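Reading through the C-alpha coordinates given below for one structure.
The values are calculated or read from the model by the stated rules, or taken from the named source; none is laboratory data. Just so you know, these numbers come straight off a predicted model, no measurement behind them. Backbone-built Cβ (ideal geometry, glycine too); neighbour counts: all protein chains shown. Ligands, DNA and RNA are stripped out before the accessible areas are found, and what is left, the full protein with its side chains, is counted by its heavy atoms. Shrake-Rupley method; radii C 1.70, N 1.55, O 1.52, S 1.80 Å.
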Amino acid sequence: MDFDDNKILMESLTNGEEKAYKFLLNKFHRKLHAYALTLVNDHSMAQDIVQNVFLKTWKNRSKLNPEFSIQSFLYKSVYNEFINSYQQNKAMMLLQQKYVESMQHVVETTDENSIERMLAIINKEIQNLPTKCQQVFILSKKEGLTNIEIAEHLDVSIKTVEAQISKAYKILKEKLKDNYNMMLFLLFHPAHKESH
(Lines give C-alpha, C1' and ligand atoms only; values in the text may rest on other atoms or scores of the structure.)
Protein backbone atom coordinates (compact mmCIF):
# COMPACT_ATOMS: atom_id res chain seq x y z
CA MET A 1 0.00 0.00 0.00
CA ASP A 2 1.32 3.41 -0.98
CA PHE A 3 1.22 5.44 2.23
CA ASP A 4 3.02 8.29 0.44
CA ASP A 5 -0.38 8.95 -1.11
CA ASN A 6 -2.00 11.32 1.39
CA LYS A 7 -5.54 10.03 0.86
CA ILE A 8 -4.55 6.36 1.25
CA LEU A 9 -2.58 7.20 4.39
CA MET A 10 -5.46 9.20 5.91
CA GLU A 11 -8.02 6.49 5.11
CA SER A 12 -5.74 3.78 6.52
CA LEU A 13 -5.24 5.78 9.71
CA THR A 14 -8.99 6.36 10.03
CA ASN A 15 -9.48 2.59 9.72
CA GLY A 16 -7.00 2.06 12.55
CA GLU A 17 -4.26 0.35 10.55
CA GLU A 18 -1.13 0.23 12.71
CA LYS A 19 1.17 0.02 9.68
CA ALA A 20 -0.08 3.44 8.58
CA TYR A 21 0.58 4.83 12.08
CA LYS A 22 4.11 3.40 12.07
CA PHE A 23 4.69 4.95 8.64
CA LEU A 24 3.49 8.29 10.04
CA LEU A 25 5.90 8.06 12.98
CA ASN A 26 8.86 7.12 10.79
CA LYS A 27 8.19 9.82 8.23
CA PHE A 28 7.33 12.78 10.43
CA HIS A 29 8.75 12.25 13.91
CA ARG A 30 12.17 13.81 13.22
CA LYS A 31 10.73 16.76 11.28
CA LEU A 32 8.09 17.51 13.91
CA HIS A 33 10.66 17.26 16.68
CA ALA A 34 12.86 19.77 14.82
CA TYR A 35 9.85 22.05 14.43
CA ALA A 36 8.81 21.70 18.09
CA LEU A 37 12.39 22.60 19.08
CA THR A 38 12.03 25.92 17.28
CA LEU A 39 9.05 26.66 19.51
CA VAL A 40 10.36 25.59 22.92
CA ASN A 41 14.15 25.31 22.53
CA ASP A 42 14.17 22.35 24.92
CA HIS A 43 14.66 18.75 23.77
CA SER A 44 12.51 17.04 26.41
CA MET A 45 9.64 19.54 26.06
CA ALA A 46 9.78 19.20 22.27
CA GLN A 47 9.69 15.41 22.66
CA ASP A 48 6.63 15.66 24.94
CA ILE A 49 4.80 17.89 22.48
CA VAL A 50 5.47 15.56 19.54
CA GLN A 51 4.52 12.44 21.52
CA ASN A 52 1.25 14.09 22.57
CA VAL A 53 0.48 15.02 18.98
CA PHE A 54 1.05 11.45 17.74
CA LEU A 55 -0.96 9.96 20.62
CA LYS A 56 -3.87 12.36 20.05
CA THR A 57 -3.76 11.77 16.29
CA TRP A 58 -4.06 8.01 16.86
CA LYS A 59 -6.70 8.40 19.56
CA ASN A 60 -8.84 10.66 17.35
CA ARG A 61 -8.03 8.86 14.09
CA SER A 62 -11.70 8.23 13.28
CA LYS A 63 -12.21 12.01 12.97
CA LEU A 64 -9.41 12.56 10.44
CA ASN A 65 -10.50 14.06 7.14
CA PRO A 66 -8.95 12.18 4.17
CA GLU A 67 -9.11 15.38 2.12
CA PHE A 68 -6.72 17.21 4.48
CA SER A 69 -2.94 17.13 4.15
CA ILE A 70 -1.57 15.00 6.99
CA GLN A 71 1.63 17.10 6.98
CA SER A 72 -0.27 20.37 7.53
CA PHE A 73 -2.44 18.66 10.12
CA LEU A 74 0.60 17.47 12.10
CA TYR A 75 2.44 20.81 11.97
CA LYS A 76 -0.72 22.62 13.08
CA SER A 77 -1.21 20.06 15.85
CA VAL A 78 2.34 20.63 17.13
CA TYR A 79 1.76 24.38 17.11
CA ASN A 80 -1.61 24.01 18.92
CA GLU A 81 -0.07 21.66 21.47
CA PHE A 82 2.65 24.23 22.08
CA ILE A 83 0.08 27.02 22.54
CA ASN A 84 -2.03 24.86 24.89
CA SER A 85 1.02 23.89 26.94
CA TYR A 86 2.35 27.40 27.25
CA GLN A 87 -0.78 29.54 27.48
CA GLN A 88 -0.02 30.09 31.15
CA ASN A 89 3.40 31.42 30.27
CA LYS A 90 2.80 35.17 30.27
CA ALA A 91 6.45 35.78 29.46
CA MET A 92 5.91 34.64 25.87
CA MET A 93 6.06 37.88 23.94
CA LEU A 94 3.51 38.72 21.27
CA LEU A 95 6.33 39.44 18.84
CA GLN A 96 7.72 35.96 19.34
CA GLN A 97 4.25 34.49 18.78
CA LYS A 98 3.89 36.45 15.54
CA TYR A 99 7.30 35.21 14.39
CA VAL A 100 6.31 31.62 15.13
CA GLU A 101 3.01 32.02 13.27
CA SER A 102 4.63 33.57 10.20
CA MET A 103 7.26 30.82 10.08
CA GLN A 104 4.51 28.24 10.57
CA HIS A 105 3.06 29.56 7.30
CA VAL A 106 6.45 29.16 5.61
CA VAL A 107 6.65 25.50 6.68
CA GLU A 108 3.11 24.77 5.52
CA THR A 109 3.61 26.40 2.13
CA THR A 110 7.04 24.86 1.53
CA ASP A 111 7.02 21.32 0.21
CA GLU A 112 8.92 18.59 2.04
CA ASN A 113 11.65 18.33 -0.60
CA SER A 114 12.43 22.03 -0.29
CA ILE A 115 12.70 21.73 3.49
CA GLU A 116 14.97 18.69 3.11
CA ARG A 117 17.12 20.57 0.57
CA MET A 118 17.29 23.57 2.87
CA LEU A 119 18.39 21.37 5.78
CA ALA A 120 21.07 19.79 3.58
CA ILE A 121 22.43 23.27 2.66
CA ILE A 122 22.35 24.38 6.29
CA ASN A 123 24.10 21.23 7.55
CA LYS A 124 26.75 21.54 4.83
CA GLU A 125 27.55 25.11 5.94
CA ILE A 126 27.69 23.99 9.59
CA GLN A 127 30.18 21.27 8.56
CA ASN A 128 32.28 23.97 6.84
CA LEU A 129 32.63 26.07 10.01
CA PRO A 130 36.11 26.20 11.63
CA THR A 131 36.57 23.13 13.83
CA LYS A 132 36.26 24.73 17.29
CA CYS A 133 33.46 26.97 16.09
CA GLN A 134 31.54 24.02 14.64
CA GLN A 135 32.06 21.94 17.79
CA VAL A 136 30.65 24.65 20.08
CA PHE A 137 27.77 25.46 17.71
CA ILE A 138 26.65 21.81 17.45
CA LEU A 139 26.88 21.27 21.22
CA SER A 140 24.80 24.40 21.76
CA LYS A 141 22.19 24.17 19.03
CA LYS A 142 21.90 20.48 18.22
CA GLU A 143 22.72 18.89 21.55
CA GLY A 144 20.98 21.62 23.56
CA LEU A 145 23.83 22.18 26.05
CA THR A 146 24.06 25.47 27.93
CA ASN A 147 27.14 27.69 27.53
CA ILE A 148 28.30 26.68 31.03
CA GLU A 149 27.99 22.96 30.16
CA ILE A 150 29.92 23.48 26.91
CA ALA A 151 32.65 25.44 28.74
CA GLU A 152 33.04 22.58 31.25
CA HIS A 153 32.87 19.92 28.54
CA LEU A 154 35.58 21.56 26.40
CA ASP A 155 37.53 22.99 29.34
CA VAL A 156 37.36 26.57 28.03
CA SER A 157 35.93 29.80 29.43
CA ILE A 158 32.27 30.80 28.97
CA LYS A 159 33.51 33.90 27.12
CA THR A 160 35.26 31.64 24.60
CA VAL A 161 32.04 29.65 24.11
CA GLU A 162 30.03 32.85 23.55
CA ALA A 163 32.64 34.18 21.12
CA GLN A 164 32.61 30.93 19.10
CA ILE A 165 28.80 30.90 18.92
CA SER A 166 28.74 34.54 17.75
CA LYS A 167 31.40 33.71 15.18
CA ALA A 168 29.33 30.76 13.92
CA TYR A 169 26.24 32.96 13.51
CA LYS A 170 28.27 35.58 11.67
CA ILE A 171 29.74 33.05 9.22
CA LEU A 172 26.40 31.29 8.67
CA LYS A 173 24.57 34.56 8.15
CA GLU A 174 27.12 35.53 5.49
CA LYS A 175 27.02 32.13 3.76
CA LEU A 176 23.28 31.45 3.91
CA LYS A 177 22.04 35.00 3.28
CA ASP A 178 18.33 34.63 2.36
CA ASN A 179 18.21 31.15 3.89
CA TYR A 180 19.50 32.36 7.26
CA ASN A 181 16.11 32.91 8.90
CA MET A 182 14.92 29.54 7.63
CA MET A 183 18.01 28.01 9.22
CA LEU A 184 17.11 29.56 12.56
CA PHE A 185 13.58 28.30 12.22
CA LEU A 186 14.43 24.76 11.14
CA LEU A 187 17.24 24.19 13.63
CA PHE A 188 16.24 26.01 16.78
CA HIS A 189 14.33 28.83 18.38
CA PRO A 190 15.99 32.19 17.63
CA ALA A 191 16.74 32.97 21.26
CA HIS A 192 20.30 34.19 20.87
CA LYS A 193 21.90 37.53 21.49
CA GLU A 194 22.84 38.45 17.96
CA SER A 195 20.49 40.80 16.17
CA HIS A 196 19.26 39.98 12.68
remark   = When every residue in the range 35-46 that is open to solvent by 30 Å² or more (accessible area, probe 1.4 Å) and in contact (Cβ under 8 Å) with a residue 60 or more places away in the chain is compared, the one nearest to ASP4 (Cα to Cα) is HIS43
remark   = Of GLU125, GLU174, GLU152, GLU194, the only residue that is at pLDDT below 80 and of a type outside the set (Ser, Thr, Tyr) is GLU194
remark   = Taking the range 50-66 and keeping residues within 16 Å of LYS22 (Cβ to Cβ), open to solvent by 60 Å² or more (accessible area, probe 1.4 Å) and either in contact (Cβ under 8 Å) with a residue 40 or more places away in the chain or in contact with a Leu (Cβ under 7 Å, 6 or more places away or on another chain) (or both) leaves ARG61
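Being under 15 Å from the mean Cα position of the chain (by Cα) and touching a residue at least 12 places away in the same chain (Cβ under 8 Å) is the filter; apply it to the range 141-150 and report the residue that is surrounded by the most Cβ atoms within 10 Å (Cβ to Cβ).
LYS141
Need at least 1 residues that are among the small types (Gly, Ala, Ser) and under 28 Å from ILE138 (Cα atoms) per element, so show me which helices (runs of 4 or more DSSP H) inside the range 1-90 make the cut, counting only ones lying wholly within it.
Working: elements: 6-14, 18-40, 43-59, 70-86.
Here the list reads 18-40, 43-59, 70-86.
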message = Given the criteria at pLDDT below 80 and of a type outside the set (A, V, I, L, M), does ASN41 qualify?
response = yes
request  = Could you tell me which of the residues LEU25, LEU13 is over 13 Å from the mean Cα position of the chain (by Cα), open to solvent by 10 Å² or more (accessible area, probe 1.4 Å) and of a type in the set (A, V, I, L, M)?
outcome  = LEU25
